[in-house]
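Colleague: Take this structure first; my questions come after.
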């Protein structure tokens with residue numbers, strides 16, 4: 001430096017004559033060199049450690065950067081402050097600011113360029129903090145609770161809650177971004193700087209929001225960016241305001257999740273459906289920009305047409321089939337198969353399956369289409385009369401048991417009813433569960449077919465001859481049979497002749513003597529021989545005599561003309577009532593037809609109740625509707641009326657006998673009514 005100064009002085013001083021030069025040389029010997037040295041040293045002491053200096057780079061090496069800052073020797077900045085390679089960061093001739101770290105003595109001054117920059121940046125940050133000016137920085141990484149930001153060498157902290165006006169879940173996309181933020185906390189002594197980007201974004205959004213609200217209204221079409229997705233929809237930024245695009249307004253078709261159509265960052269157009277400027281709430285619609293496919297459904301899918309579609313959803317009550325985007329129809333569980341067995345759609349179909357269906361109905365207002373699959377299959381009931389004519393012996397599995405009978409599955413889609421009265425000849429069955437259980441394989445005979453109503457009647461007892469048929473085939477009036485007294489009445493005793501078969505021994509046929517009470521002659525459960533007085537195949541009635549046993553020479557005369565009905569193991573006194581009324585055979589036949597009609601009516605009501613029950617099961621309900629007792633008794637009303645009149649006639653017959661009192665006649669009438677009521681209930 002001294003040489004440079006002297007050279008500069010030489011240039012500025014005019015050239016003098018040699019004589020003058022020699023004179024100056026002579027005078028130079030008169031300078032005070034001590035004073036000059038003191039002044040030089042005094043000038044050197046003006047640099048102190050910690051002072052900010054500026055100099056020119058005079059050398060760059062792997063050890064550091066040499067800087068001439070006006071001192072007697074150049075200072076050095078360590079190479080590690082510039083990074084590698086150092087030649088890319090600084091070059092000879094560059095002007096550089098630095099802080100004096102150490103100076104004095106014979107050692108080379110130690111400088112720090114990094115600290116000089118830090119001091120300058122801190123000054124700028126303090127000024128920005130005081131004046132609430134934004135600062136720029138680069139996000140360099142994540143830290144606990146937020147992000148690390150580089151502010152020209154000073155590291156600052158950006159909390160997660162201050163990154164954006166909207167909640168931020170993933171911080172990774174922000175790393176490496178240049179951001180603008182505002183200092184909300186600063187401590188130079190602690191080296192602590194806290195930033196907020198949210199303050200700036202809030203101001204921007206508020207300005208955008210006010211501008212957007214002044215320009216939009218219901219029905220407007222706006223553009224925006226998807227900011228967030230939820231299970232129920234997507235939030236779209238339309239300019240400072242987040243509008244909700246609900247999942248039901250995204251497509252005319254079925255969407256399980258908004259992510260099937262949109263993703264965060266998508267640019268979309270939407271229609272404003274609702275707008276509340278005071279609450280700053282906006283409802284958007286995307287499907288409203290597209291034509292409604294339901295407007296042409298009637299023309300595209302007429303009733304009874306066959307179409308193909310794709311299974312879009314499977315539920316317990318049916319299958320939803322997408323016919324085209326935005327148009328779905330329901331195949332109810334009852335329309336999947338002709339079988340009345342409740343099907344499980346989830347075991348039969350999967351989402352995405354292609355199926356063929358038939359259109360059963362269209363409701364454009366409710367946007368519903370009823371579809372069917374079984375209509376494309378052959379209806380087994382159309383040919384059931386040819387495949388299972390009346391009298392056919394079948395084998396099937398008990399599918400369901402009710403109070404009034406059991407339903408037997410003959411084949412897929414064909415069920416037949418075995419009424420409780422058609423299960424066995426052997427005994428009176430109160431409930432089918434006494435003899436049958438679900439999934440049990442049984443044999444039966446087809447007794448009636450109604451293909452139109454899809455009804456088929458079966459009988460298990462008709463597989464074997466009845467006790468009556470067996471008895472009639474082997475016995476004649478006059479034969480002596482052995483039986484057991486099963487019941488007492490005022491007018492006689494009932495005798496069990498076999499399982500499910502009874503005969504009546506009138507009180508007058510118990511003894512040749514006068515009998516007031518049957519139990520005076522014979523005991524309940526006692527086995528004894530009886531002589532057959534009368535067999536009526538048409539009415540299935542048997543008249544017996546206890547007193548005629550052993551009197552082979554006595555002619556068979558049924559003076560009282562009584563009998564018992566063997567059906568269902570119950571006895572009837574209809575004929576005794578006819579004696580008093582002098583009923584003709586035609587009237588008797590008419591009563592029989594009425595009974596048969598009542599019996600058919602009862603079965604028809606039972607089947608109807610089952611059909612209603614099956615329909616309830618098919619629609620997803622678990623309740624089973626059993627036939628009510630009132631309906632059962634109403635079906636028996638005609639029979640009960642007949643038997644009631646018969647009982648009154650029986651009373652008249654008994655009153656003819658002088659040995660019976662009025663009170664016993666009343667008791668007889670009550671007993672007959674009770675017996676006949678039981679008989680009607682069994683039928």
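Since every read-out is calculated from the coordinates, none of them should be taken as a lab result. What you see is a predicted model, and the numbers here were worked out from it, not measured in a lab. Virtual Cβ from ideal backbone geometry, glycine too; neighbours counted across all protein chains shown.
Colleague: Taking the Kirkwood radius as the inverse of the mean 1/r across Cα pairs, report the Rg/Rh of region 479-556.
Modeller: 0.94
Colleague: For region 58-165, calculate the relative contact order in percent as a whole number, restricting contacts to Cα pairs under 8 Å that are 6 or more residues apart.
Modeller: Value for region 58-165: 16 percent.
Colleague: Arrange the following residues from fewest to most other Cβ atoms within 10 Å of their Cβ: 468, 381.
Modeller: 381, 468
Colleague: Now for a separate question. Can you pull the Kirkwood radius for region 215-289, inverse mean 1/r over Cα pairs, to one decimal in Å?
Modeller: Over region 215-289, the inverse of the mean reciprocal pair distance is 12.1 Å.
Colleague: At 1.002 mPa s and 20 °C, plugging the Kirkwood radius over alpha-carbon pairs of region 441-500 into Stokes-Einstein gives what diffusion coefficient in µm²/s?
Modeller: On the way: Rh = 15.1 Å.
Approximately 142 µm²/s, per Stokes-Einstein.
Colleague: Using only alpha carbon pairs under 8 Å that are at least six residues apart, calculate the relative contact order of region 293-396 and give it in whole percent.
Modeller: In percent, rounded to a whole number, it is 28.
Colleague: Whole number please: convex hull volume per residue of the Cα set in region 37-129, in Å³?
Modeller: Each residue corresponds to 107 Å³ of Cα convex hull volume.
Colleague: Under 8 Å for C-alpha pairs, at least 6 residues apart: give me the relative contact order for region 132-201, rounded to a whole percent.
Modeller: Values: 143 pairs, mean separation 24.2, N = 70.
It comes to 35 percent, rounded to a whole number.
Colleague: Restricting things to alpha carbons, find the Rg to Rh ratio for region 293-376 using the Kirkwood radius for Rh. Each step should come with its number before you reach the end.
Modeller: On the way: Rg = 12.0 Å, Rh = 12.7 Å.
Taking Rh as the inverse mean 1/r over Cα pairs, Rg/Rh reads 0.95.
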